Amino acid sequence: MPNNFSTSALIFINGLVLMFVGKIKLNFIAKVLGISFLAAGLIYGIARFIPELATKIMPRSTTWVSRIDSFFINSDAEVMDEDYQKTQALVAIQNGSLFGAGPGKSTQRSILPYSESDFIFAIILEEYGLIGGASALLFYLILLFRAIRIFLKTESIFGSLTVIGLMFSLVFQALINMLVSVGIMPVTGQTLPLISMGGTSLVFTFIALGIILSVSRNSLEGEYEKA
């Protein structure tokens with residue numbers, strides 16, 4: 001967790017969703033949430049007021065605090081790299097307007113840091129406009145809808161939870177990337193699945209989709225045997 005808080009938080013939220021879908025008692029989920037918020041508040045407090053101690057325990061804790069403060073407090077502190085990224089991303093979105101500047105006609109691609117990964121959604125909005133961005137969002141929602149259909153048809157508890165867990169993780173990660181690109185969330189470093197550049201991320205995304213398709217196939221085979 002010290003090196004990648006956003007991924008840890010994503011896994012934690014995914015776990016909560018699986019507990020809810022798996023019909024775990026709500027009071028237990030509430031207790032887990034309460035303990036987690038207390039732990040997060042404690043970590044934030046230590047990193048905020050005792051940065052020397054926090055840095056020894058969690059090297060990147062001060063980075064988390066600075067991102068949170070920059071996003072919510074918006075103080076007169078020096079402009080950070082994250083602020084520059086968000087500013088350039090908003091410029092790209094403004095350039096795109098409704099229909100976009102056209103494929104390959106982005107002016108912010110070479111200016112915006114990590115335009116091929118963390119902020120690729122801003123480039124999509126610049127080149128393809130609001131229509132292109134809405135199409136990308138619709139693509140992920142269709143994937144989630146299909147996964148829910150597989151989940152409902154799968155009799156195996158393990159298979160159904162695997163499907164909803166893997167797909168929710170992908171779609172939620174995509175949603176976080178989009179929210180960061182449009183300036184609604186602090187910078188997290190999460191990529192856009194199936195679109196952002198990155199070999200390792202792409203491989204694991206394909207593995208997740210392959211597992212989902214395998215569960216779907218086994219579910220269909222079970223239906224054929226019953227018929």
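A short reminder: the numbers here are calculations on the coordinates, not readings from a lab. Not measured: the values here are computed from a predicted model. Because the Cβ atoms are built from the backbone with ideal geometry, glycine has one as well, and the counts that use them run over all protein chains shown.
Prolate is the label for region 79-227, because the ratio a/c of its alpha-carbon gyration tensor axes (a ≥ b ≥ c) is 1.5 or higher and a/b is greater than b/c. About its Cα centre, the dipole of region 79-227 is roughly 320 debye, where the only charges are +1 on Lys and Arg Cβ and -1 on Asp and Glu Cβ.
3J(HN,Hα) along region 13-18, derived from phi through the Karplus expression 6.51 cos²θ - 1.76 cosθ + 1.60 where θ = phi - 60°, amounts to 5, 4, x, 4, 4, 5 Hz, with x in place of Gly and Pro.
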